[in-house]
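Below: one structure, written as structure tokens.
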């Protein structure tokens with residue numbers, strides 16, 4: 001362990017001294033051919049990676065079409081070779097075609113194995129690329145996308161290449177190097193290091209390969225900057241916006257890939273970084289997936305406006321980790337079975353990613369999340385490369401509900417982007433320009449409290465785009481959760497609405513209105529005195545009848561409205577959508593809302609549920625929001641300011657600072673207290689409760705407050721907060 005620590009310290013110093021070039025420099029640093037005796041371990045890794053590149057099937061019709069349609073100069077007629085913009089660059093299809101042809105030429109059992117016409121097609125296509133050496137306006141293609149595809153082609157074709165093809169191919173692949181602008185620690189460094197490793201394998205250079213593996217080890221660490229955070233979320237940039245499902249998954253994939261490929265060799269990766277990576281995968285990546293399988297829309301960024309953004313995750317990453325380590329073996333095996341469809345969802349965990357303002361609630365029958373922001377973070381990722389053009393309110397308390405994993409699949413071209421589930425939004429005639437989308441949050445109080453079984457999220461919301469504020473909170477239990485809003489205030493002329501959900505329409509929509517059950521025909525509906533709403537086996541229950549807007553009809557849009565890449569056209573897309581919202585009217589002052597979400601319930605069961613409500617709203621104001629679950633004996637309280645709440649005749653709780661508190665009660669006595677500091681600016685938090693308590697944690701020292709009351713000062717772990725690190 002001491003040796004590993006010393007190694008990590010050395011590598012940390014290397015990372016500190018690393019000098020990166022500017023984006024657009026596109027400097028190639030080709031790996032030189034290795035010298036000296038053959039390296040048996042390097043050859044073993046080389047063969048494993050080559051086997052991996054040859055594994056995908058050869059599609060006979062596709063290969064035949066590529067050969068038949070290729071022009072004499074090595075190009076294909078359906079590719080635009082002139083547009084090198086960041087939203088275009090179809091040139092990548094040329095490289096992908098080359099790789100497909102190379103695989104068909106070299107894969108044992110292929111119908112095209114060693115066929116001269118296939119080799120000629122690869123050679124012509126490669127020569128064309130080498131002559132033109134296409135450079136994209138987006139640095140990513142120059143330093144990552146193109147080099148990755150190029151080195152894969154070189155590894156597959158190997159000795160079939162001419163000396164010039166090897167030399168020039170290695171040069172272009174060499175733009176993926178450890179001095180490239182994208183090789184930022186905590187950013188794309190680990191993936192670029194992987195590409196550099198492949199270059200070392202092709203050139204049979206053991207020194208470069210060894211250095212690359214050292215760099216990879218240095219990147220598996222917790223960081224207060226870019227990269228893996230102490231809460232096991234991932235940040236690609238310094239805006240404190242979550243990117244676990246994008247860059248963070250690529251980070252894990254790259255490391256796990258190399259862990260498997262180097263296992264059993266002198267280049268193998270150490271055990272301690274492997275354990276941290278497994279923790280990150282199980283507690284970070286999988287917790288950001290519904291049932292550990294379906295990406296949570298709430299953790300997505302601009303990638304949500306790409307086709308297939310929510311496709312289920314495969315078992316490959318978990319399988320690679322399992323092949324490289326036995327750490328948390330049973331949990332990895334469970335995720336593999338879930339992702340293969342061999343086991344039903346069985347995860348049960350609540351977790352708040354405090355560095356990312358992201359709360360997750362995982363149950364076998366459903367999944368829910370909350371996405372927020374604060375003055376410590378931007379409201380959303382920048383719409384880089386002109387993607388995610390309408391995500392202005394995506395982080396304003398979005399609350400996605402998943403039971404099947406398909407509720408929001410490909411809905412986003414037709415979405416009403418001012419009615420993001422869970423959010424409270426001013427309904428403007430149009431959204432601001434996408435260049436004004438991402439802004440720093442305003443208020444400090446954003447957070448969650450959880451014992452990893454139950455918990456709550458709270459948001460002192462101030463819109464970064466509009467004159468609008470509200471106190472918003474969510475309280476999570478086993479079979480239901482409660483959403484509360486208070487202090488909803490705006491001086492703008494437009495109406496303010498809180499959206500319950502906006503998902504693909506699935507079956508019948510019914511509602512309880514005025515004591516009757518109504519089945520809603522397709523269309524737009526304004527329901528007076530609604531007491532509940534039901535869609536897709538999920539009920540939205542109101543403790544008091546209210547006015548509710550519901551839409552269950554076709555919505556129209558296009559990919560071009562939300563993404564400016566060349567594939568995203570203006571072609572009209574129509575989808576049937578379910579949408580429900582509460583209208584607070586124009587210029588609301590201190591408005592509020594409360595509703596209970598019950599997934600996995602039939603419409604005929606709602607009446608019985610409402611008669612025996614297991615949850616009770618005990619406070620909903622701008623100063624305090626609180627919910628009690630009667631059956632579980634759990635009370636969750638949000639103190640937006642110091643205050644006191646009377647829970648029973650003989651039990652009260654006083655908070656001397658703004659905080660969040662969760663109590664586990666047994667026979668109206670406090671059995672456990674879970675507490676957090678959402679603002680992240682207190683060294684201590686102080687609670688005063690009735691009764692005499694006993695401390696079981698070294699984070700609190702009890703004292704007698706007099707009159708049968710106990711004072712509890714809690715020590716906060718300030719170093720875990722981004723602005724206190």
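For segment 396-474 versus segment 313-359, the inter-centroid distance based on Cα atoms is 26 Å. Label separation (residue 375 vs residue 427): 3.3 nm, computed from points 7 Å beyond Cα along the C-beta direction.
Fully extending the segment from residue 704 to residue 222, taken as 0.36 nm per residue of separation minus the present Cα-Cα distance, adds 169.6 nm.
Counting beta carbons within 10 Å around each of 659, 716, 286 and listing the fewest first gives the order 716, 286, 659. Here r is the Cβ-Cβ distance between residue 410 and residue 76 and R0 is 22 Å; the resulting FRET efficiency, rounded to 0.05, is 0.20. For residue 41 and residue 630, the FRET efficiency from 1/(1 + (r/R0)^6), where r spans their Cβ atoms and R0 equals 45 Å, is about 0.10.
Extension gain for the segment residue 32 to residue 684, taken as residue separation times 0.36 nm less the Cα-Cα distance, is 229.0 nm to one decimal. For the peptides 638-647, 305-314, residues were scored by their other Cβ atoms within 10 Å and the scores averaged per peptide; the highest-first order is 638-647, 305-314.
Using C-alpha pairs under 8 Å with a sequence gap of at least 6, the mean separation divided by the residue count of segment 220-347 gives a relative contact order of 22 percent. Most tightly packed first, judged by the mean number of other beta-carbon atoms within 10 Å of their residues, the peptides 166-175, 97-106 read 97-106, 166-175.
For every helix of n ≥ 4 consecutive DSSP H residues, a contribution of -39,500 (n - 2.57) applies; sum these over the chain, divide by its total residues, and give [θ] at 222 nm rounded to the nearest 500 deg cm²/dmol. Per the formula, -7500 deg cm²/dmol. Residues 159, 319 in ascending order of nearby Cβ atoms (within 10 Å, fewest first): 159, 319. Going from the fewest other Cβ atoms within 10 Å to the most, the residues 178, 317 appear in the order 178, 317. Nearest 10 degrees, 0 to 90: what angle lies between the long axis of helix 91-106 and the longest principal axis of the chain (Cα atoms)? It is inclined by approximately 60 degrees. Once both axes come from the Cα atoms, what is the angle between helix 60-69 and the longest principal axis of the chain, in degrees from 0 to 90, rounded to 10? Roughly 60 degrees between the two axes. With the simple spin-label model, which puts each label point 7 Å out from Cα in the Cβ direction, the residue 618 to residue 93 separation comes to 6.2 nm.
Annotation: peptides 472-479, 209-216, ranked by per-residue average of other Cβ atoms within 10 Å with the highest first, follow the order 472-479, 209-216. Round to the nearest 0.05 the FRET efficiency obtained for residue 570 and residue 385 when R0 = 22 Å and r is the Cβ-Cβ distance. Computed FRET efficiency for residue 570 and residue 385 comes out at 0.75.
Modelled this way, with points 7 Å down the Cα-to-C-beta line, the labels at residue 162 and residue 51 are 3.4 nm from one another. For the chain, the longest principal axis of the alpha carbon atoms and the long axis of helix 189-202 meet at an angle near 20°.
Just so you know, all these numbers are worked out from the coordinates, no wet-lab data involved. These numbers were taken from a predicted model, which means no experiment stands behind them. Here the Cβ is made from the backbone with ideal geometry for all residues, glycine too, and neighbour counts use every protein chain on show.
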